[in-house]
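The values are calculated or read from the model by the stated rules, or taken from the named source; none is laboratory data. Keep in mind it's a predicted model, so treat the numbers as computed, not measured. So basically every Cβ, Gly included, is an ideal-geometry build from the backbone, and we count neighbours across all protein chains shown.
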Amino acid sequence: MKKTEGKRRRKSVSYSKWAYIFIAPFFISYIIFTLTPQILTVYNSFFENYRDGLTQIGPNFVGLGNYQKLLTPDSAGVIDVLKYFGNTMLLWILGAVPQFAVALLLAVIFTSSRLNIKGQGLAKSIIYMPNLIMASAFSMLVFALFNNIGPVNKLLISTGMIDKTFDFLTVKVSVRALIASMNFLMWFGNTTIVLMAGIMGIDQSLFESAEIDGAGSLHVFFDITLPLLMPILSYALITSLIGGIQMFDVPQVITAGKGTPNMANTTVIMMLNNFLSISKNYGMAGALSVLLFIITGILSMFVYRQMAKQYKR
């Protein structure tokens, strides 16, 4: 019997190693293309390394010198990185609030068994289509529409709504409104699809029981849908926050990279791009990247904990 059992053990094949083989490409690519650059970014943040004309300065070890420069106020008492981070968060909030409000409303409407809306597939495709357009191309379209000689100004003048050309691209309120509107249009469809998936994952018997008990639509939404949707909503909000902090292409194109007017629409990534492409200051760029990584982690953790509290209730 012992010999037979030994032969069976030798003939058996261990499949556990195949799991490691299948996931190995991901880890290898992650280490090469993500983890290694992140480590090098942290490393470079401790060095003075920039180009002054044709002269290369550094790399010279300066410790926390780059971080100190980032957080040092200028002659007017303004810390640029905090100002640009405030611009970034404001632009994200202006686009995210209507984005989530409209997405949540559409998700509830499309998944409602009471309404049973026809042609949902076409409607989902239409609202998702702006997400497929490159942000830079979308921004160029809006730039062409709203500049001084664009069709929007011509239409407003011809209809008598304004007497002279209105410069949409140099007024703080209008520029921010355009950037926020574009972010809303590009992402509300994607958020709608995500929230719809979350609602469809809720046990439908709960909605049926509430309907039998005579619960109204608002009670069903606030007492059943929203609490059970909180994990998916947390995911959508955190990913939206991370994407908002990384906002670059829309304000870059709309303001021609200048953050006009008066740098009021300059984002943190636009500042990072200036370090990389203009001054070639890799040390400061590394320090800003690390600082941005820390802030993103703190804000994401804060949002997650606040949403988790709502879910536990």
Practice task
Within the range 149-168, count every residue that is surrounded by 13 or more Cβ atoms within 10 Å (Cβ to Cβ) and either over 25 Å from Met89 (Cβ atoms) or at pLDDT below 90 (or both).
Solution key: 8
Fill in the blank from the handout: Sole miss for Leu291 among (1) within 25 Å of Trp187 (Cα to Cα); (2) in contact (Cβ under 8 Å) with a residue 40 or more places away in the chain; (3) hydrophobic (A, V, I, L, M, F, W, C); (4) surrounded by fewer than 20 Cβ atoms within 10 Å (Cβ to Cβ) is condition (1)
Exercise for the section: Determine which member of the set Phe184, Phe221, Phe166, Phe207 is under 21 Å from the mean Cα position of the chain (by Cα) and either touching a residue at least 40 places away in the same chain (Cβ under 8 Å) or outside any helix (DSSP H, G or I) (or both). Expected result: Phe184
Handout entry: Output for the range 254-288, where each listed residue is surrounded by fewer than 19 Cβ atoms within 10 Å (Cβ to Cβ), touching a strand residue (DSSP E or B) at 6+ places or on another chain (Cβ under 7 Å) and not charged (D, E, K, R)
Key = Ser279
Problem - Residues located in the range 116-135, provided they are over 11 Å from Leu106 (Cβ atoms) and either touching an Asp or Glu at 6+ places or on another chain (Cβ under 7 Å) or not in a helix (DSSP H, G or I) (or both) - result: Asn116, Lys118, Gly119, Ile133, Met134, Ala135
Exercise for the section: Starting from the range 93-121, take each residue that is more than 16 Å from Leu241 (Cα to Cα) and list its partners that are part of a helix (DSSP H, G or I) and of a type in the set (Phe, Trp, Tyr), counting only C-beta distances under 6 angstrom and pairs at least six apart or across chains. Expected result: Val102/Phe188; Gln120/Phe110
Fill in the blank from the handout: Picked from the range 95-121 (must be modelled with pLDDT of 80 or more and among the hydroxyl-bearing types (Ser, Thr, Tyr)), the residue farthest from Pro231 (Cα to Cα) is Ser112
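For every residue, the table says whether it meets (1) among the polar types (S, T, N, Q); (2) more than 17 Å from the chain's Cα centre (by Cα); (3) assigned to a helix (DSSP H, G or I).
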site	(1), (2), (3)
Lys258	no, yes, no
Met263	no, yes, no
Asn273	yes, yes, yes
Gly286	no, yes, yes
Val290	no, yes, yes
Thr296	yes, no, yes
Phe302	no, no, yes
Met307	no, yes, yes
Completion exercise
Exactly one of Phe46, Phe61 is under 30 Å from Leu82 (Cα atoms), more than 32 Å from the chain's Cα centre (by Cα) and among the aromatic types (Phe, Trp, Tyr), and that one is Phe61
Problem - Residue list for the range 14-46, filter: farther than 16 Å from Phe293 by Cβ, surrounded by 10 or more Cβ atoms within 10 Å (Cβ to Cβ) and of a type in the set (S, T, N, Q) - result: Ser29
